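Enquirer: Please find one structure pasted underneath; my questions will follow.
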Amino acid sequence: MNQFPPPDLPEDELPQELVAAIRAGQPPAISVPPDIDAAVLNSAGRHLSTVTVARPAGRHRLRWAVLSVGTVAAAMLLVTLLPRSPDMETNRSMARKSSADISASPVVAGLSVTADIADAGGFGADIDGSGTVDILDAFVLARSLSRPDHDVRWDQNGDGQVDDSDVQLVAMRAVML
Amino acid sequence: MKRARQFPIIRTLFAASLLCVLSLSVRAQQEAETVSQPPGAMTTDIPGPEQVADDAVRFDAVDVFVDAGQESLAAWQFEFQSRTEGVEIVGIEGGDHPAFAAPPFYDPKAMMHNRVILAAFSTAEKLPTGRSRVARIHLQLTGPGSKSCETQLTTCATADGRKIAATHSIAVAAK
């Protein structure tokens, strides 16, 4: 099986007298009979099976407590340090709208405003790009109605055109509590 | 060896928790300052009789004025919030100038509550300048004594959409 050449032992390069002297200085190998070896192993196994490792319970609990607190703290730190954008706040407040809120919402100029606001999904109401949705967004949109170059992203209710109903939706979003 | 690896993790997490507490306290302080002192906010008292029952109800209205100075006022947004108990908003009216005679935009959820955001704009040719009443808020007041309310003019703009530093005031409407 061994197809490899024998290792290049250093003792081949040493003087034979030195090798013989070293081998003569080594103690004879001790051989343990297998039955004694097995008896020692069995005895050690029995002994170790009865031994329980006494862990310091207080320190263990403290470690887990610190780990748990640290993990929660790290998560909170992430949440704290991550910047909050006004759009995110707006979308979050929109997401909090319950069905009761929707049923209590207004009808302005014959439009079902809240349903359309909910459909709008919060994107595109910041017309002037100020970072917040206020009445100036509705004003900018209203002024743009007289111009032909509407931005299609300003279509708030998804009816394919930018008109007064979209202005109403943006204005209602600006005053929404 | 194992313990030596665990302690740096624990120290790191402990430091992270300290940082977290520190940053949370800083943010809470900033938010508290924001809530207590919003820029441009103004507190006004609505006087009321002292010798009435706790459940006595009366109705008052406050007029909202915006002073745009020499500029023409084309858009405005305003927030009203009562700071005392027993104040409920029951109605909103428009202002004096034809450009803002229609009731402003507001969330109907504000009705029978103590906070409302009002806003309006006009694309009319003629716009008010100087001090102009832009809205009236009808209130139901319950109980004795004056009621405190906080108001803030959030934004104002001219006809070309330029923001202006207008001022605002409120006053109890004449009956």
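The values are calculated or read from the model by the stated rules, or taken from the named source; none is laboratory data. Fair warning: this is a prediction, and the values are worked out from it, not measured in the lab. Here Cβ is always computed from backbone atoms with ideal geometry, including for glycine, and neighbour counts include all displayed protein chains.
Enquirer: Against the definition (farther than 29 Å from B:PHE100 by Cα, at pLDDT 75 or above and within 13 Å of another protein chain (Cβ to nearest Cβ)), how does A:ALA142 come out, yes or no?
Expert: no
Enquirer: Related question: B:LYS109 fails exactly one of the following numbered conditions: (1) modelled with pLDDT under 95; (2) in a strand (DSSP E or B). What is the number of that condition?
Expert: (2)
Table: residues versus (1) touching a helix residue (DSSP H, G or I) at 6+ places or on another chain (Cβ under 7 Å); (2) buried (at least 22 other Cβ atoms within 10 Å of the Cβ); (3) away from chain A (no Cβ under 14 Å); (4) in contact (Cβ under 8 Å) with a residue 40 or more places away in the chain.
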{"residue": "B:ALA68", "(1), (2), (3), (4)": "no, yes, yes, yes"}
{"residue": "B:ALA101", "(1), (2), (3), (4)": "no, no, yes, no"}
{"residue": "B:MET112", "(1), (2), (3), (4)": "no, no, no, no"}
{"residue": "B:ARG136", "(1), (2), (3), (4)": "no, no, yes, yes"}
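Enquirer: Given the conditions (1) more than 30 Å from B:LYS147 (Cα to Cα); (2) modelled with pLDDT of 75 or more; (3) of a type outside the set (Val, Ile, Thr), report the number of the one that B:GLY40 does not fulfil.
Expert: (1)
Enquirer: Could you please give the count of residues in the stretch A:124-177 that are of a type outside the set (A, V, I, L, M), closer than 17 Å to B:ILE117 by Cα and touching a residue at least 40 places away in the same chain (Cβ under 8 Å)?
Expert: So the count comes out to 4.
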